[in-house]
Amino acid sequence: MKTWMKLLAFLAAFAIVVAACGSDDDESTDAGEDAETTETTEATETTETTEATEETEATETTEGEAAGDFTPVKACFVTDDAGVDDRSFNALGWKGVNDAVTSGAAQPDPILLESTSEADYQPHVETCLAEGAEHIITSGFKLADTTGQFAEQNPDVQWTIIDFGSLGPNVTGLEYQTDEAAFAAGYLAAGVTETGVVAVYGGENIPTVSIFLDGFARGVNHHNEAKGTSVSVLGWDVDGQEGTMTGTFNPADPLVRATCESQIDEGADIILPVGGAINLPCGTAIQDRGIEGALIGVDADAFEAAPPEFQDLWLTSVLKGIDIQTQRSIEAHASGQPLGGASFVGNLENEAVGLAPFHSWEDRVSAELADETTQVLEDIKSGAITWEKFAVGG
């Protein structure tokens, strides 16, 4: 605003100077200069007054809109037992809370309570309530029972649960159609693999894990049908809805690396592990063996979220906008919207799921394949590509 008004002031003064100079041919130089000086001064003063007035009004309007849009709420975030540094959905949920602070929807210094076991869930929620939290965010399906119980007992508190459907009239469920983006990741992987074998594995066969595996496998199959390839997928059976699971989300468990290595032994050179940091032991296995392999991340962009020593391994990541939806939920509360017991499903259409850039693998993905992958995403959004999508929520 200030820059534009100064420009207008200059142009107004310049126009008056030009007009005054034009009249010098018919009038005396002294008279013209006097008129020019007077008119220029008046124009400048008028413009500066207008600028100051409009700038004041703009400031008042901006402050008024900010104050009117949100009544900041006191937020409390409870992680599941993976903690906030899981480089995955807990970290993204906490980011969403802090993004809501930045936007003015949440009060500064939101409460963070990290769980180390399921025994922490109930006391953590009780702490949120004791601290006067107005909006409590619980991260993950494991907190569903605790969230439902306390939400019913505290109807005046607004709740958001990540990776689960609504549990009552004051609970907003955040769910994600991640198989849409995973489908495109499968198509991409089928076009990049050198061995003709790709693989997936998860922590447990639960909906929030299996949905990635199912979408990925279907995307590989779509590539085979569209391009006449015969890429095989280890770790997931679309028809039987069964797959390879480590039984743990703990990356330190030896079974995690062993699972990855067994898939490498069967020829897989691109692997999608689903379950927080259980992808990192697979990265170490690829590095130790010295193979030309790649990983596909989930939830966050793994190139940014994972330790830097793994950056050369990420082909892409299936993004799950937990931060986006968490922020939106808090902002809806702070703006006075009646949230009810709705479940919000993040998908390609509302940009709450997607694919990360190729980063270090960009020069190994042909322009043709990149364009095709983008088109697959667009075709899913438009309905040109359809399938019986995985059911979200619990």
Inset, instruction - For D99, work out the one condition from (1) within 16 Å of the chain's Cα centre (by Cα); (2) within 24 Å of L280 (Cα to Cα) it doesn't fulfil. - result: (2)
Legend entry - Identity of the residue in segment 139-189, polar (S, T, N, Q) and more than 19 Å from the chain's Cα centre (by Cα), that ends up nearest to S382 (Cα to Cα): S166
Legend entry - Residues located in segment 275-303, provided they are touching a residue at least 40 places away in the same chain (Cβ under 8 Å) and among the acidic types (D, E): E292, D299, D301
Legend entry - Qualifying strands (runs of 3 or more DSSP E) (wholly inside segment 278-384; at least 1 residues being of a type in the set (S, T, Y)): 314-320, 343-346
Inset, instruction - For segment 86-102, indicate whether the set of residues that are farther than 26 Å from G297 by Cα and surrounded by fewer than 19 Cβ atoms within 10 Å (Cβ to Cβ) is non-empty. - result: yes
Inset, instruction - Considering every residue within segment 333-346, establish whether at least one is modelled with pLDDT of 95 or more and of a type in the set (F, W, Y). - result: no
Legend entry - Breaking point among (1) over 21 Å from Q177 (Cβ atoms); (2) touching a helix residue (DSSP H, G or I) at 6+ places or on another chain (Cβ under 8 Å); (3) surrounded by 15 or more Cβ atoms within 10 Å (Cβ to Cβ), for L319: (1)
Legend entry - First in segment 147-164 and on the phi > 0 side of the Ramachandran plot, second anywhere and acidic (D, E) and buried (at least 24 other Cβ atoms within 10 Å of the Cβ), Cβ under 9 Å, 6 or more apart: D163/E175
Inset, instruction - Taking T229 as the residue in question, decide whether it is within 19 Å of F310 (Cβ to Cβ) and modelled with pLDDT of 95 or more. - result: no
Legend entry - segment 275-314, subset over 21 Å from L92 (Cα atoms) and aliphatic (A, V, I, L, M), residue surrounded by the fewest Cβ atoms within 10 Å (Cβ to Cβ): I291
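The values are calculated or read from the model by the stated rules, or taken from the named source; none is laboratory data. For clarity, every value in this text was computed on a predicted model and none was experimentally measured. Counting neighbours? That spans all protein chains shown, and the Cβs are built from the backbone with ideal geometry, glycine included.
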